[in-house]
Every structure is written in C-alpha cells, then in structure tokens.
1. Would you pick out the residues in the stretch 53-62 that are more than 10 Å from the chain's Cα centre (by Cα) and closer than 19 Å to N31 by Cα?
2. So, in the stretch 1-26, of the ones that are within 10 Å of M53 (Cβ to Cβ) and of a type in the set (V, I, T), which residue ends up surrounded by the most Cβ atoms within 10 Å (Cβ to Cβ)?
3. Give the stretch 54-69 a look and list any residue that's at pLDDT 95 or above and touching a Lys or Arg at 6+ places or on another chain (Cβ under 7 Å), or say none.
4. Please verify whether N31 is of a type outside the set (A, V, I, L, M), closer than 19 Å to A2 by Cα and open to solvent by 70 Å² or more (accessible area, probe 1.4 Å), treating the condition exactly as stated.
5. Could you give me the residue pairs with C-beta distances under 9 Å whose first residue belongs to the stretch 48-69 and is within 16 Å of G34 (Cβ to Cβ) and touching a residue at least 40 places away in the same chain (Cβ under 8 Å), whose second residue is open to solvent by less than 100 Å² (accessible area, probe 1.4 Å) and charged (D, E, K, R) wherever it lies, and which are 6+ apart or on separate chains?
Amino acid sequence: MARTYEELKVLSDKQYLTVNEAADYFNIGINRIGRLLKEPDCNFGLRVGSKKMVNRKKLEEYLEHCNVV
C-alpha cells in the first residue's frame, strides 16, 4: 500500500513499526523484513504476542552499514 508523505512523516516519529509499516517506510518488501527479523544477529526485532515489531532507529543503523539487503 502506497503511503502519502504525511503518513510517512508520522511513521518517522514512531519508535516501533509493524512489518507492513517498516516495509513502506524503508521501501523493502514484507518478506525481506521477515527474513531480516529471523537472522541470528537481528537486534532490531521485537515480538508483542504474535505481532512482529521493528525498532526503526536500529533498523536504520543496520541498513546504513549494509551493502546489500
């Protein structure tokens, strides 16, 4: 789902994003976000019950140091 600039601005203020929000915000596929969360060195994932959440700042730091996602 394409989000407007205003919706993305709201996401930039949130500390934790759902997988769908993170996919929209970082322009990465939902499945790829899910695979990143399953990696053993993942320090940006959080589970709240069955819901997977992503720490936005930590994922930004992770992506800054990656050459390929």
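1. Y62
2. V19
3. Selection gives R56 alone.
4. Yes, satisfied.
5. V69/R32
This table checks each residue for (1) at pLDDT below 95; (2) closer than 20 Å to H65 by Cβ.
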| residue | (1), (2) |
| --- | --- |
| T4 | yes, no |
| E7 | yes, no |
| Y16 | no, no |
| D24 | yes, no |
| N31 | no, no |
| P40 | yes, yes |
| N43 | yes, yes |
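The values are calculated or read from the model by the stated rules, or taken from the named source; none is laboratory data. Because the structure is a prediction, the values reported are computed rather than measured. Ideal geometry is used to build each Cβ from the backbone, glycine not excepted, and the neighbour counts take in all protein chains shown. Areas reflect the complete protein model, heavy atoms only, side chains present, ligands, DNA and RNA absent. Shrake-Rupley method; radii C 1.70, N 1.55, O 1.52, S 1.80 Å.
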